[in-house]
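> Structure provided below as structure tokens; questions to follow.
Any read-out appearing in this document is the output of simple, stated calculations on the displayed coordinates, not a laboratory observation. Note that this is a predicted model, so its numbers are computed, not measured. Neighbour counts run over all protein chains shown; Cβ positions are idealised from the backbone, glycine included.
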Amino acid sequence: MIKLYSFGPSLNVPEPSPFVLKVNFLLTVSKQPFEVLSGTQYLQKAPKGKLPYIEDGNKTVTDSFFIEKYLKDTYKVDVNSHLSTEQKAISHLACASLEERLYWCIVHFRWVYQSNWEIIKPIFFGGMPFPLNKIIPKVARKGMIKAMHGHGIGRHSEAEILQIAEAQLHAMSDLLGDKEYFFNNKLSLLDITSYAMLVQILLPTMPSPLVNLTKRYSNLVTFCERMHTRYYG
Ligand SMILES: N[C@@H](CCC(=O)N[C@@H](CS)C(=O)NCC(=O)O)C(=O)O
């Protein structure tokens, strides 16, 4: 059976990592038997130092991109099989854009935005014994801020990060329109990736300018609620 290594439900979402949630979603809809192993200890064991990764027998696959490819190659799990060549190309570019841009806006409003950091700190690190519960959050936050600087998002002001988020949400909203799914009235990877991102903004009780901005796109809010009820209700 496939083992999926994850953080585990928190912040009112099935998974606080959009990448883990994407893989969980893919495995769920593929009806592939799988087991979820949750906990931050798996981050230390992760071959690339990030979650998700999966184990399937003696095979280990890391990164949601390679896991998606592995599931397609090995188990013929292909949620994009109903897409035209052009739709596949749009889907690929849109998913990559959400994962490389919108994701980092979400990270900013979790790890840098002070009032939300105060919320996530006890949730993510509160279970650690003293003095680790004092040291690890500081180290983790510093590491995240360094990663954000390396990526580039960390060099922008909050107002600029919101402009980046707005461009992403606007494009997503225009592409979805009043449809139920992005393409052909049927679930595809872009729906899964979009849901996995949007739910991180809309479901946790962590107010921020990013939440207010996202709520202005009513079709995205409805989409996220519908996907959540249908697949994780
Ligand atoms: N490209 C990777 C991204 C995975 C990723 O960024 N995971 C984050 C959680 S959302 C992580 O494990 N971060 C831990 C760290 O950077 O120390 C994928 O698609 O799986």
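> Out of the trypsin sites (Lys or Arg not before Pro) in the range 155-194, which ones are loop residues according to DSSP with at most 15 other C-beta atoms within 10 Å?
Lys179
> Could you please state, rounded to a whole Å, how far the C-alpha centre of the range 79-130 is from the C-alpha centre of the range 1-35?
Taking the Cα centre of the range 1-35 as reference, the centre of the range 79-130 is 14 Å away.
> With each pseudo-label sitting 7 Å past Cα toward Cβ, what's the Lys76-Glu160 distance in nm, one decimal?
Going from the Lys76 label point to the Glu160 one covers 5.0 nm.
> If the cut-off is 19 Å between C-alpha atoms, which lysines fall inside it for Lys45, apart from same-chain ones fewer than 8 positions away?
Reachable lysines: Lys3, Lys59.
> Please go through the range 117-154 and write out the trypsin sites (Lys or Arg not before Pro) that DSSP classes as loop and that have at most 16 other C-beta atoms within 10 Å.
In loop regions of the range 117-154 (DSSP not H, G, I, E or B), there are no sparsely surrounded trypsin sites (Lys or Arg not before Pro).
> Connecting C-alpha atoms closer than 10 Å in a GNM of the chain, tell me which of Leu93, Leu51, Leu210 has the biggest fluctuation.
Leu93
> Something else: Please get the size of the charge dipole for the range 101-233, origin at its Cα centre, with Cβ charges of +1 on Lys and Arg and -1 on Asp and Glu, quoted in debye to the nearest 20.
Computed about the Cα centre, the dipole is about 560 debye.
> Another question, then. Which log10 I(q)/I(0) values does the chain give at q = 0.14 Å⁻¹ under the Debye formula, counting every alpha carbon as one identical point scatterer?
Normalising to I(0) and taking log10 leaves -0.94.
> Going through the range 36-81, which trypsin sites (Lys or Arg not before Pro) have at most 16 other Cβ atoms within 10 Å and a DSSP loop state?
Taking the range 36-81 and a limit of 16 other Cβ atoms within 10 Å, the loop trypsin sites (Lys or Arg not before Pro) found are Lys48, Lys50, Lys76.
> Which aspartates and glutamates have a Cα less than 12 Å from the Cα of Lys69, not counting those fewer than 8 places away in the same chain?
Asp78
> Need one number: the % of Cα-Cα pairs in the range 110-203 sitting beyond the 18 Å mark.
Of all Cα-Cα pairs in the range 110-203, 61 percent lie more than 18 Å apart.
> Have a look at the range 37-131 and give its Rg and Dmax from the Cα atoms, expressed in angstrom.
Over the range 37-131's Cα set, Rg and Dmax evaluate to 17.5, 55 Å.
> Separate question: Report, in deg cm²/dmol and to the nearest 500, the calculated mean residue ellipticity at 222 nm for the chain, where each DSSP H run with n ≥ 4 adds -39500 (n - 2.57) and the sum is divided by the residue count.
-18000 deg cm²/dmol
> While we're looking at this one, here's another question. Give, to the nearest whole percent, the P(r) tail of the range 2-75 beyond 21 angstrom, counting all Cα pairs.
16
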